[in-house]
Amino acid sequence: IIQSEASDPKNMPMVSSVFANRLKPGSGFGYLGSDVTRHYIERKMKAYIEEQGMDYDTLFGAYCTNDSYTHKTAGLPAGPICNMGKAAIEAALNPAESNYYYFFTDNDWNYYYNETLSGHQSQWNQPVAVEPAHRRRESRRHRHHESGRVRSGHEEIRHLERQRHPRLCEERL
């Protein structure tokens with residue numbers, strides 16, 4: 001999950017800390033809240049599951065860690081969602097020290113962390129500078145999904161490219 005959520009090794013310990021904080025007893029987060037666990041089943045495994053005549057809802061529920069869904073799992077998913085690298089394993093074993101429970105990235109892959117939902121939403125809704133039309137990326141940050149942050153089309157393409165290459169490849173509200 002850390003491998004898929006973080007864009008490079010330097011961000012992995014802090015992303016790991018967000019998930020570690022969410023999994024602590026008494027944190028109020030029964031669910032990890034990572035969109036990449038849901039994406040794994042929806043985008044990578046669905047066709048195989050259906051071809052094999054397997055129960056999609058059951059498998060979706062074993063991997064989806066977002067509490068907004070009927071079928072979901074508390075804590076960690078049933079298995080890995082990608083091949084993780086050494087940096088992701090090290091980050092999982094040694095998360096950074098933080099009090100953060102929320103994070104998102106902007107179009108330039110800058111990471112933003114927050115301790116509270118209200119702080120997260122406030123930071124999320126801050127305007128983003130718009131580049132000239134001939135160089136424009138998306139002028140707004142991404143829209144929330146019932147499970148949290150959803151990648152834009154531009155962001156999703158970059159995310160998928162990172163998963164295909166050796167270079168290391170949200171969130172609950």
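What are the ³J(HN,Hα) values, in whole Hz, obtained from phi via the Karplus relation 6.51 cos²θ - 1.76 cosθ + 1.60 with θ = phi - 60°, for each residue of region 67-78 in sequence order, with x given for Gly and Pro?
6, 7, 9, 5, 9, 7, 10, 7, x, 8, x, 5
Please report, for the Cα atoms of region 1-135, the Rg to one decimal and the Dmax as a whole number; what are they, in angstrom?
So, for region 1-135, Rg and Dmax equal 16.4, 50 Å respectively.
7 Å from Cα along Cα→Cβ at both Thr58 and Asn94: what's the point-to-point distance in nm?
The answer from the label model is 4.1 nm.
Between Asn125 and Thr70, what length in nm is gained on full extension when 0.36 nm per residue of separation is reduced by their alpha carbon distance? Write down the numbers at each step before the final one.
Details: separation 55, 0.36 × 55 = 19.80 nm, distance 2.79 nm.
Length gained, Asn125 through Thr70: 17.0 nm.
For region 48-120, with equal point scatterers placed on the C-alpha atoms only and solvent neglected, what are the log10 I(q)/I(0) values from the Debye formula at q = 0.12, 0.25 1/Å, to two decimals?
-0.53, -1.18
Scan region 7-102 for GluC sites (Glu not before Pro) in coil per DSSP, keeping those whose Cβ has at most 16 other Cβ atoms within 10 Å, and list them by number.
Details: sites: Glu42, Glu50, Glu51, Glu90, Glu97; in loops: Glu97.
The qualifying sites are Glu97.
Extension gain Leu117-Lys24, at 0.36 nm per residue separation less the Cα-Cα distance, in nm? Could you put the intermediate results ahead of the total?
Numbers: separation 93, 0.36 × 93 = 33.48 nm, distance 1.71 nm.
Between Leu117 and Lys24, full extension yields 31.8 nm more.
Please give the charge dipole size of region 5-134, origin at the Cα centre, charges +1 on K and R Cβ atoms and -1 on D and E Cβ atoms. Round to the nearest 20 debye.
Values: 9 positive and 15 negative charges, 55 e Å.
That gives a dipole near 260 debye.
Bear in mind these aren't lab numbers, they're just calculated from the coordinates by the rules spelled out. None of the values given here were measured: they were computed from a predicted structure. When we count neighbours, we look across all protein chains shown, and the Cβ atoms used for this are built from the backbone with ideal geometry, even at glycine.
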